[in-house]
Each structure stands twice: as C-alpha cells, then as structure tokens.
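**Q** Got a structure here, written out as structure tokens. Questions coming.
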Amino acid sequence: MLRTLLDRRFPLIAHRPPKAVSALLFEGHKMPLSRLTDIVSSALKGPVRDGTGLTGFYDFKLDLRPTPLQPGDPPRDPTDLIIPALRDELGLKLESRKITLDVLVVDQVEKTPTEN
C-alpha cells in the first residue's frame, strides 16, 4: 500500500534484488516475548501472537545458520530456519490458527492533499 502511494505521488521506481547474506546468529538480551513475536512476524511476513502467557524479560540465542545447500537444492524459505530454531532451541511452537487483528479501514480520502 505504501509503495502504491509513493508510486502515485513520486513516480517511484524500485526493485528487490536477491541478496546473499552471511550466517545468522540471533541474540536477544532482556527481551520480552512480545518483542520476539514482532521479529518473527516480520521475518515470516505474517501475524504472530504470543500465546505463552509468560511475562518478563529473557536472554536467548537462536542459531539460524542453514546447513549448506547441495547442488540442485531449491532456495530456502525463512520458515525452514526460524520455525525449527524456535522449537528446538527455545521450546516455542508456532501453531497456525485464525486470530483477530486490528485493521485500518479508510472510508474516504481526498485526492488532493491539503497544504501543510
């Protein structure tokens, strides 16, 4: 949605080239689980809600380094690294279910913006 707005207002031209990244070791220090769910949600590009009921702040490490790909292996999806690491290293399980989220519904908008 933001990209469409920028396209209309500022003739934006952009692309997303694939980018190789180095090994990833994710560390959290004095982090609430709500922050971890935000990070996981962003990485998986979908909503994630903390259902543990745990409060407090935690230190943890997640080893997200992939095993080397063999010739002909398809590229990995982020879920192939994140979900097993959460389960095996932190004992957290992601379950797919329907949840209710707050959304923004724009009922009307003026085509020409007002002056600042």
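**Q** I'd like to check something: does the stretch 80-90 contain any residue that is touching a helix residue (DSSP H, G or I) at 6+ places or on another chain (Cβ under 6 Å), at pLDDT below 85 and surrounded by 10 or more Cβ atoms within 10 Å (Cβ to Cβ)?
**A** no
**Q** So, one more: Could you list all residues from the stretch 1-23 that are part of a loop (DSSP other than H, G, I, E, B) and either at pLDDT 75 or above or closer than 30 Å to Val106 by Cβ (or both)?
**A** Once the filter is applied, which keeps residues that are part of a loop (DSSP other than H, G, I, E, B) and either at pLDDT 75 or above or closer than 30 Å to Val106 by Cβ (or both), the stretch 1-23 yields Met1, Phe10, Pro11, Leu12, Ile13, Ala14, His15, Arg16, Pro17, Pro18.
**Q** Restricting to the stretch 56-79, name every residue that is farther than 15 Å from Leu25 by Cα, at pLDDT below 90 and not in a helix (DSSP H, G or I).
**A** Hits for the stretch 56-79 are Pro68, Leu69, Gln70, Pro71, Gly72, Asp73, Pro74, Pro75, Arg76, Asp77.
**Q** Please go through the stretch 36-51 and pick out each residue that is at pLDDT below 90 and farther than 16 Å from Leu101 by Cα.
**A** Result: Ile39, Val40, Ala43, Leu44.
**Q** If you check Glu89, Glu110, Glu95, which single one turns out to be of a type in the set (D, E, K, R), in a loop (DSSP other than H, G, I, E, B) and within 19 Å of Gly51 (Cα to Cα)?
**A** Result of the check over Glu89, Glu110, Glu95: Glu95.
The values are calculated or read from the model by the stated rules, or taken from the named source; none is laboratory data. Treat the numbers as computed from the prediction; the structure is a model and nothing was measured. When we count neighbours, we look across all protein chains shown, and the Cβ atoms used for this are built from the backbone with ideal geometry, even at glycine.
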